[in-house]
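Here the structure is laid out as structure tokens; the discussion comes afterwards.
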Number of protein chains: 2
Amino acid sequence: MSGLAKTEVDLSLQHAVLGLLSVAPASGYELAKHFEQTLPRVWHAQNPQLYPVLSKLAASGKIEVSAQGPRNRSTYALTPAGRGELRHWLVEVEPDRTMRSEVYLRAFLLTFALSAKDALEVLDREAKVWQRERDGLASFIAESEQFVAPHDSHMIAYDLTLRLADAMLGWCDETRRRIEARL
Amino acid sequence: MSGLAKTEVDLSLQHAVLGLLSVAPASGYELAKHFEQTLPRVWHAQNPQLYPVLSKLAASGKIEVSAQGPRNRSTYALTPAGRGELRHWLVEVEPDRTMRSEVYLRAFLLTFALSAKDALEVLDREAKVWQRERDGLASFIAESEQFVAPHDSHMIAYDLTLRLADAMLGWCDETRRRIEARL
DNA sequence: TTATTCATGTAATGGGTTACATGATTAG
DNA sequence: CTAATCATGTAACCCATTACATGAATAA
């Protein structure tokens, strides 16, 4: 069954799009906003990439235009074939576990390349950023839990982001302690 | 001071290379192995990318050939200018916090796109992978701690990888519980 | 009516991946 | 002597980013 291209490439962006459309039908413009607002720490993709991908997916029958709106707006929805491809990819295709994260890279290099003083300064700045992100997400989750159950898919997804932020915060904290132990 | 190109692009790979060279001088071949073996969850980069980058960095005086070996081998080392550029980037340049991780993407989509049964199966497979990685790293850290202090830079870097693996494991566990609560 | 947001795109450029090429050195 | 590993690269292709273009709808 299927595959998205002749050559067996991975093409995660196409699957990311199928995945977002499995949550709800959306236009290219809305997808771009989802990538920017809810997925920037997961899968980064912008506007000019998306339209060609949507055309390809439509051409191969994985998605279809489910509604036309004002300003030339086309809302796309998954077809059964698209849903099948998404399931196939999630269940049967071995994940590519490589990553490319500037945040992790900087954390990794921090203590090799910087003096204790510089490292502590950068560490504190980073910790603040992650703390703000963590707090924002935590209170959003707390509010949402009044309306949706914790086993709701959105809650499960937020939980992942929260745990990754916590991991970074824990590391910042522990690293501060280790660097201070050097002095 | 400086910057790596005329146009103010980010060019993290060049900084990743400067960072690895700040740990120890290395050849292109050795750098490729470091990226593959110690950084695959941080910054992915391969062989054919590295040689042009090394030439560019050498041309701009950020690194220099510090030793020639057998088989045409050139070992590169940071110059003071390279060390300065690396510090500048780590301390003064605002990080790009976007990521592109297929692992996170799959986790994010898992419960939206799959049945409880499929989701639990995938979740268990993932948990096993992360558990193996976590255990391997944890015992490596335990061994190493007999020889190096916990404030050693290598230990600090390993600690980050360990915490990220723990975050994934915690999420797998919690998500399993949440999905079972649905049934 | 003017500015903003919505909405879809194209073109040029740059970065990343795959496949391939070449040959030296070392281990068995 | 043969296979594996070390070591450096090139070429073609694909993917991603930036800048730009266009125009419709809505809010002030």
Out of (1) touching a strand residue (DSSP E or B) at 6+ places or on another chain (Cβ under 8 Å); (2) within 12 Å of DNA strand C (Cβ to nearest atom), the odd one out for A:Ala32 is which? (1)
Within the set of pairs 6+ apart or on separate chains, which have a first residue in the range A:126-151 that is assigned by TED's automatic domain parsing to the domain that holds A:Arg163 and within 24 Å of B:Asp173 (Cβ to Cβ), a second that is small (Gly, Ala, Ser) and surrounded by 14 or more Cβ atoms within 10 Å (Cβ to Cβ), and C-beta atoms under 6 Å apart? A:Trp130/A:Ala165; A:Glu133/A:Ala165; A:Arg134/A:Ala165
Please verify whether B:Val129 is at the interface with chain A (Cβ under 9 Å from one of its Cβ atoms) and out of contact with any Lys or Arg (no Cβ under 7 Å at 6 or more places or on another chain), treating the condition exactly as stated. yes
Name the single residue, out of those in the range A:87-99 being open to solvent by less than 20 Å² (accessible area, probe 1.4 Å) and not aliphatic (A, V, I, L, M), that is nearest to A:Glu30 (Cα to Cα). A:Trp89
Find the residue count for the range A:47-64, including only residues that are in contact (Cβ under 8 Å) with a residue 12 or more places away in the chain and either away from every other protein chain (no Cβ under 14 Å) or within 9 Å of DNA strand C (Cβ to nearest atom) (or both). 12
Please indicate, with yes or no, whether at least one residue in the range A:140-163 is within 7 Å of chain B (Cβ to nearest Cβ), surrounded by 16 or more Cβ atoms within 10 Å (Cβ to Cβ), within 21 Å of the chain's Cα centre (by Cα) and assigned to a strand (DSSP E or B). no
Hey, among B:Gly61, B:Gly84, which residue is at positive phi, surrounded by 13 or more Cβ atoms within 10 Å (Cβ to Cβ) and away from DNA strand D (no atom under 14 Å from the Cβ)? B:Gly61
Residues satisfying the stated conditions in the range A:171-183, i.e. facing chain B (nearest Cβ under 7 Å) and open to solvent by 20 Å² or more (accessible area, probe 1.4 Å): A:Glu174, A:Arg178, A:Ala181, A:Arg182
In the range B:11-41, residues that are open to solvent by 10 Å² or more (accessible area, probe 1.4 Å), within 17 Å of B:Arg83 (Cβ to Cβ) and in contact (Cβ under 8 Å) with a residue 60 or more places away in the chain total 2
The one condition in (1) in the same structural domain as B:Ala16 (by TED's automatic domain parsing); (2) open to solvent by less than 70 Å² (accessible area, probe 1.4 Å) that B:Gln46 fails to fulfil: (2)
Across the range A:75-113, what is the total count of residues that are within 7 Å of chain B (Cβ to nearest Cβ), part of a helix (DSSP H, G or I) and not basic (Lys, Arg)? 14
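The values are calculated or read from the model by the stated rules, or taken from the named source; none is laboratory data. Bear in mind that the values here come from a model prediction, so they are computed numbers and not experimental data. Cβ: placed from backbone, ideal geometry, glycine included. Neighbour counts: every protein chain shown. Just the protein is used for accessible areas: all its heavy atoms, side chains included, with ligands, DNA and RNA removed. Shrake-Rupley method; radii C 1.70, N 1.55, O 1.52, S 1.80 Å.
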